[in-house]
Amino acid sequence: MSSSLRTLVTQHAGDGRLEAIVLRPKRREPAVWGERVQIEPGRGVLGDHRSEKLRVGDEFLRREVTLIQAEHLPLLAAWAGRDSVDARELRRNLVVGGINLLALDSPFPGDRRLVRIGDQVLLEVTGPCAPCSRMEAILGQGGYNAMRGHGGITARVVQGGWIQVGDSVHSLSEADALRKTVMVGRGTNSPTHPSE
């Protein structure tokens, strides 16, 4: 059975899982774990220092949320000559396992790929998340190069809401997301606040 490339890039073996949430309360201060957080368009992950100011302009909105592949953590440690790497050191907001994050971005220009986390949050993948020069200081000599190509992805918030560790992570086309949003609006899949 033959499939077109446009079809193949939408197919994944299964859903991913939100393995961890990382919050950076202050710039250049140690990051901390979160269990459940709210995500808002224009602000990103509430509780993270980057959410303190409303973001405007495409360049700022493209990086509202950062995600990193859980399966890459042991590789990064090995390449940096360490026994392990704590995801908080890498300062990405969300640690996702079970689905290839880089495959969530479409190779076709103008083809928006969206990511649903839990029942409420919808993100648009905006590209790879390049490492900053601080990775050399944090991970040691070679840390920057260890992260190259494995720094995760950046995303813009399309629909905000609450997420928590353990939520499912899956890819949607723009049409699928629109269809699901219309269904939610009609009350067929009403999301709830986590405290309800």
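Quick notes on this one:
- Residues being among the acidic types (D, E) and in a loop (DSSP other than H, G, I, E, B) - total across segment 89-107: 1
- Restricted to segment 22-40, and to residues there that are in contact with a Leu (Cβ under 8 Å, 6 or more places away or on another chain) and closer than 22 Å to V158 by Cα, the residue that is surrounded by the most Cβ atoms within 10 Å (Cβ to Cβ) is I39.
- Residues (in contact with a Lys or Arg (Cβ under 8 Å, 6 or more places away or on another chain), free of Cβ contacts under 8 Å to residues at least 40 places away in the same chain and either crowded, with 17+ Cβ neighbours inside 10 Å or closer than 23 Å to G14 by Cα (or both)) located in segment 114-171: E124, V125, P131
- Residue within segment 1-10 that is assigned to a loop (DSSP other than H, G, I, E, B), under 26 Å from E71 (Cβ atoms) and touching a residue at least 24 places away in the same chain (Cβ under 8 Å) present: yes
- Residues in segment 50-90 that are in contact with a strand residue (DSSP E or B) (Cβ under 6 Å, 6 or more places away or on another chain) and among the small types (G, A, S) were compared, and the one that is surrounded by the most Cβ atoms within 10 Å (Cβ to Cβ) is S51.
- Residues located in segment 108-164, provided they are assigned to a strand (DSSP E or B) and among the aliphatic types (A, V, I, L, M): L114, V115, I117, V121, L122, L123, V125, I153, A155, V157, V158, I163
- Single unsatisfied condition, P74 versus (1) under 12 Å from the mean Cα position of the chain (by Cα); (2) more than 21 Å from I39 (Cα to Cα); (3) modelled with pLDDT of 95 or more: (1)
- Within segment 42-79, the residues that satisfy the criterion of being in a loop (DSSP other than H, G, I, E, B), under 22 Å from E29 (Cβ atoms) and either of a type outside the set (K, R) or touching a residue at least 12 places away in the same chain (Cβ under 8 Å) (or both) are R43, L46, G47, D48, L54, R55, R63, E64.
- Single condition N93 does not satisfy, out of (1) touching an Asp or Glu at 6+ places or on another chain (Cβ under 9 Å); (2) under 30 Å from T7 (Cβ atoms); (3) buried (at least 22 other Cβ atoms within 10 Å of the Cβ): (2)
The values are calculated or read from the model by the stated rules, or taken from the named source; none is laboratory data. Everything quoted here is computed from the prediction, not taken from an experiment. Reconstructed Cβ throughout: ideal geometry from the backbone, glycine too, with neighbour counts over all protein chains shown.
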